[in-house]
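A short write-up of the structure that comes next.
The values are calculated or read from the model by the stated rules, or taken from the named source; none is laboratory data. Given the structure is predicted, the values throughout are model-derived calculations rather than measurements. We place every Cβ from the backbone using ideal geometry, glycine too, and count neighbours over all the protein chains shown. Surface areas here come from the heavy atoms of the whole protein model, side chains and all, with no ligands, DNA or RNA. Shrake-Rupley method; radii C 1.70, N 1.55, O 1.52, S 1.80 Å.
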Amino acid sequence: MPLPYEFAIGWRYTRAGRATRRNGFISFISAVSMLGIALGVAALIIVLSVMNGFQKEVRDRMLGVLSHIEVLSVTGEALADPGGTMARVREHPRVRAVAPFIAEQGLLARGQDMKGAVIRGIDPAQEPAVTALGADLAAQAFGALQPGRFGMVLGAALARSLGVTTGDAVTLVVPSGQLTPAGVVPRLRQMTVVGLFDSGHYEYDATLALVHLEDAQRLFRVVGPTGIRVRLDDLHAAREVAIELAAQLEPALGPGVLVRDWTRANRTWFAAVQVEKRMLFIILTLIVAVAAFNLVSTLVMTVTDKRADIAILRTLGASPRGVMTIFVVQGAAIGVVGTALGLALGLGVAFHIDTLVPALERLLGVHFLPQDIYLISRMPSDPQAGDIVPIAVISLALAFVATLYPSWRASRLNPAEALRYE
């Protein structure tokens, strides 16, 4: 079935200039507009994919140390009924594992060096089920965490700052002191480093120390765990499950229990990433808009160049709507081809960025993400349909909008005026 004449002529005008020198400049401008749209779309896809990759990488490293949900005592004291609370949490269908813990702060001293640390008391038998870090340490260091021996597993960065390694002794200074005739003095306890861990997240590697749950109870003088760590079957359901657990636990335990999911524990960081991603989307969309509105100049020059053709079409019976459709088709064809090229280029780079960036680093002799400075030493990428589809739709919409005014001007052309000097 033959195409309507509007589509045939519009596509022919899009390719104008290949055989004739007269229309070569118009064809060049069309190619530039097409290339601008393609580069803008590709830049949007690549940047948002890299941002998604960074967010996913940091999130996964955070969740290697953090649990999906934490059930805490609001006062910081031991939970009133930890066994019963754990049993109630396990009843939720989305909960896969639970483990008790104690979280307090302290000072670690080694010679003249002293560092603040988060002291986390854990049960080595249950911890591997709730965090990836616990699963990694189960076969390496947890066997040496025996109650009563006061062993400690340190983050690698914290151990380096103190100058200690496995087998060395450090002094733990507990904030809650003891009353003596000389006044309140801090309590000290010598701890033995029985293992090191490297989670890949500097914040935790430089501040976290793990001890046995029973040792933590003696050190901080609490009668039981101060919280429960929960692992779910889907980390993205954490906020919803946290709300359900809070409603489930409040009738039995009262308002003294706080249920917090991993997104709220790092709310500031995730909010900053979302704002940055949104702003980059807006800025790069303006680049696509500039490229799309280059179509206005392209179509205006085409209309000026094709005045005689338009007049002949009108005298042959073409309607103003038909003339307008011709130039809408021309602009839309440029937008569609440019968007398609941008999608192909952007997705090609985004899916192969792990090989392209190292090759570029070797070629230029530089490192974009030095391992000793940045948290992540490689360029991650995670293209998501939720970003790519809006990019394509916006690009096509901007290209279509840019065709309306020149096409409308072409439809208003008076055939008699156009043919007067022909």
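From the list Ala359, Ala350, exactly one residue is of a type outside the set (Asp, Glu), over 23 Å from Val32 (Cβ atoms) and buried (at least 21 other Cβ atoms within 10 Å of the Cβ). Which is it? Exactly one of Ala359, Ala350 is of a type outside the set (Asp, Glu), over 23 Å from Val32 (Cβ atoms) and buried (at least 21 other Cβ atoms within 10 Å of the Cβ), namely Ala350. Among residues of the range 308-337 that are free of Cβ contacts under 8 Å to residues at least 12 places away in the same chain and open to solvent by less than 10 Å² (accessible area, probe 1.4 Å), none has a beta-carbon under 9 Å from a residue that is in a helix (DSSP H, G or I) and not aliphatic (A, V, I, L, M) at least six positions away or on a different chain.
Within the range 115-133, the set of residues being closer than 12 Å to Arg231 by Cα and in contact (Cβ under 8 Å) with a residue 24 or more places away in the chain comprises Gln126, Glu127, Ala129, Val130, Thr131, Ala132. Residues in the range 112-135 that are surrounded by fewer than 19 Cβ atoms within 10 Å (Cβ to Cβ) and out of contact with any strand residue (DSSP E or B) (no Cβ under 7 Å at 6 or more places or on another chain): Gln112, Asp113, Ala125, Ala132, Ala135.
A single entry from Val211, Val222, Val230 fulfils the requirement of being within 26 Å of the chain's Cα centre (by Cα) and in contact (Cβ under 8 Å) with a residue 60 or more places away in the chain: Val230.
Evaluated against (1) closer than 29 Å to Asp198 by Cα; (2) at pLDDT below 80; (3) open to solvent by 20 Å² or more (accessible area, probe 1.4 Å), Thr304 falls short on exactly one condition, (1).
Once the range 172-183 is narrowed to residues that are of a type in the set (A, V, I, L, M) and either part of a strand (DSSP E or B) or at pLDDT 70 or above (or both), the residue that is surrounded by the fewest Cβ atoms within 10 Å (Cβ to Cβ) is Leu179. The criterion of at least 2 residues that are more than 30 Å from Asp233 (Cβ to Cβ) is met by the following helices (runs of 4 or more DSSP H) wholly inside the range 258-350: 267-305, 307-315. Tell me yes or no: at least one residue of the range 289-299 is open to solvent by less than 40 Å² (accessible area, probe 1.4 Å) and farther than 20 Å from Thr403 by Cα. Within the range 289-299 (the criterion being open to solvent by less than 40 Å² (accessible area, probe 1.4 Å) and farther than 20 Å from Thr403 by Cα), the answer is no, since none of the residues qualifies.
Checked against the criteria, Ala247 counts as open to solvent by 60 Å² or more (accessible area, probe 1.4 Å), part of a helix (DSSP H, G or I) and of a type in the set (Gly, Ala, Ser).
Of all the criteria given as (1) surrounded by fewer than 19 Cβ atoms within 10 Å (Cβ to Cβ); (2) more than 28 Å from Gly200 (Cα to Cα), the one not satisfied by Arg96 is (2).
Results for (1) out of contact with any strand residue (DSSP E or B) (no Cβ under 7 Å at 6 or more places or on another chain); (2) modelled with pLDDT of 85 or more; (3) in a loop (DSSP other than H, G, I, E, B), shown as yes or no for each residue.
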{"site": "Gly40", "(1), (2), (3)": "yes, yes, no"}
{"site": "Met51", "(1), (2), (3)": "yes, yes, no"}
{"site": "Lys56", "(1), (2), (3)": "yes, no, no"}
{"site": "Arg59", "(1), (2), (3)": "yes, no, no"}
{"site": "Leu72", "(1), (2), (3)": "no, yes, no"}
{"site": "Gly83", "(1), (2), (3)": "yes, yes, no"}
{"site": "Met86", "(1), (2), (3)": "no, yes, no"}
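Condition check ((1) farther than 26 Å from Leu63 by Cα; (2) at pLDDT below 90; (3) open to solvent by less than 20 Å² (accessible area, probe 1.4 Å); (4) in a strand (DSSP E or B)) across all residues:
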site	(1), (2), (3), (4)
Val185	yes, yes, no, yes
Leu188	yes, yes, no, yes
Met191	yes, no, yes, yes
Ser199	no, yes, no, no
Glu203	no, yes, no, no
Leu210	no, no, yes, yes
Leu219	yes, yes, yes, no
Val223	yes, yes, no, no
